[in-house]
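S.K.: Encoded as structure tokens, here's the structure I'll be asking about.
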Amino acid sequence: MSIPKGYLKFSGIMLLVGGIMGFTGQLVHLGDVPESVKDIPEFLKGAVNIHVLLAYSSTFILMGLPALFLRQASNLKWWGWLSFPLLFIGLMLEIFHGPVQIIAYPIIFDFVHTAADLQHVTDLLNNMAVDRFPLQLAVFIPIVPGIFLGLLLFGFSTLRAKVFPKAPVIFLFVVFAIQILSFVVPVHIHLLEISFAYIHLIFVWFGAILTFEKAKKNVSQDKSDVVIIQN
């Protein structure tokens with residue numbers, strides 16, 4: 001199988017840029033609703049801008065994601081490929097809440113004038129309407145399992161494939177451990193509260209490898225299966 005170096009470089013840049021955008025967006029991410037009526041104008045500006053940034057972040061990462069698997073295609077076991085649909089679905093569905101804040105929030109909060117209005121909207125946004133529209137869960141439930149299981153499978157399969165360096169894979173497992181801690185630790189620790197941002201740094205690291213990797217030939221033990229990165 002022949003993989004053009006230009007494609008790998010382009011994919012690496014997408015992962016690199018998308019990861020940096022996602023990390024930045026998660027660091028400055030606001031709450032889902034403003035704290036008071038007077039905060040609405042500033043809240044809307046931040047919510048819209050941040051979610052545009054995050055929408056493009058996930059889009060760029062999805063564009064670069066296939067290259068991570070193609071680059072090590074000859075060495076991946078079948079179970080390693082399962083991480084691709086898991087990550088793709090998790091990242092794609094994670095984008096879906098963005099349009100609510102980008103498009104719907106300016107419309108919704110234009111009708112909020114009192115504290116009672118704000119509380120009503122807050123309750124609606126926090127509770128959704130799962131009792132009336134249970135298929136909403138089909139969008140929200142797969143996000144965390146898809147991303148977490150996808151990363152875990154990708155990490156183990158990449159470690160076994162021995163195509164990428166070990167360092168970013170070890171970093172992936174560290175990030176995964178931090179995610180678990182963020183769920184179980186009962187106290188508020190800022191570094192754990194922003195733990196979802198660290199996931200994007202995994203894509204930054206792998207993206208940098210693809211972007212700056214030199215062309216070479218990688219021949220597996222099976223002589224019939226050759227991956228060539230073309231100049």
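The values are calculated or read from the model by the stated rules, or taken from the named source; none is laboratory data. Everything quoted here is computed from the prediction, not taken from an experiment. Positions of Cβ are backbone-derived with ideal geometry, glycine not excepted, and every protein chain shown enters the neighbour counts. Keep in mind that these areas ignore ligands, DNA and RNA; they rest on the heavy atoms of the full protein, side chains included. Shrake-Rupley method; radii C 1.70, N 1.55, O 1.52, S 1.80 Å.
S.K.: Can you name every residue in segment 90-147 that is of a type in the set (Val, Ile, Thr) and either within 23 Å of Ser57 (Cα to Cα) or assigned to a loop (DSSP other than H, G, I, E, B) (or both)?
M.R.: Within segment 90-147, Ile95, Val100, Ile102, Ile103, Val112, Thr114, Val130, Val139, Ile141, Ile143, Val144, Ile147 qualify.
S.K.: Still on this structure, please answer the following. Quick check: anything in segment 141-160 of a type in the set (S, T, N, Q) and within 21 Å of Leu65 (Cβ to Cβ)?
M.R.: yes
S.K.: Moving on to the next point. What number of residues in segment 121-132 are over 25 Å from the mean Cα position of the chain (by Cα) and surrounded by 10 or more Cβ atoms within 10 Å (Cβ to Cβ)?
M.R.: So the answer is 4.
S.K.: Could you grab me the full set of residues in segment 23-37 that are over 15 Å from Ile108 (Cα atoms), of a type outside the set (S, T, N, Q) and at pLDDT below 95?
M.R.: Gly25, Leu27, Val28, His29, Leu30, Gly31, Glu35
S.K.: Starting from segment 107-128, keep only residues that are within 15 Å of Gly31 (Cβ to Cβ), then list their pairs with residues that are not aliphatic (A, V, I, L, M) whose Cβ atoms are within a distance under 8 Å, requiring at least 6 positions of separation or different chains.
M.R.: Every condition considered, the pairs that remain are Phe109/Pro34; Phe109/Phe43; Leu118/Pro34; Leu118/Ser36; Val121/Phe109; Leu125/Asp32; Asn126/Asp32.
S.K.: Any idea which of Gly46, Gly19 is touching a Ser or Thr at 6+ places or on another chain (Cβ under 8 Å) and part of a helix (DSSP H, G or I)?
M.R.: After applying the criteria, what remains is Gly19.
S.K.: Filter segment 52-82 down to residues that are open to solvent by 10 Å² or more (accessible area, probe 1.4 Å) and in a helix (DSSP H, G or I), then give me how many there are.
M.R.: Here the count works out to 14.
S.K.: Scan segment 155-179 and report the pairs whose first residue is in contact (Cβ under 8 Å) with a residue 12 or more places away in the chain and polar (S, T, N, Q) and whose second residue is in a helix (DSSP H, G or I) and open to solvent by less than 10 Å² (accessible area, probe 1.4 Å), with Cβ atoms within less than 6 Å and a gap of 6+ or a chain change.
M.R.: Pairs found: Ser157/Gly80; Thr158/Val169.
S.K.: So, in segment 90-103, of the ones that are under 13 Å from Pro145 (Cβ atoms) and without any contact (Cβ under 8 Å) to a residue 60 or more places away in the chain, which residue ends up nearest to the chain's Cα centre (by Cα)?
M.R.: Leu91
S.K.: Is one or more of the residues making up segment 148-157 in a helix (DSSP H, G or I), of a type in the set (Gly, Ala, Ser) and under 16 Å from His97 (Cα atoms)?
M.R.: There is no residue in segment 148-157 that is in a helix (DSSP H, G or I), of a type in the set (Gly, Ala, Ser) and under 16 Å from His97 (Cα atoms).
S.K.: Scan segment 83-96 and tell me whether some residue there is surrounded by 19 or more Cβ atoms within 10 Å (Cβ to Cβ), closer than 24 Å to Phe212 by Cβ and in contact with an Asp or Glu (Cβ under 8 Å, 6 or more places away or on another chain).
M.R.: No, that holds for no residue.
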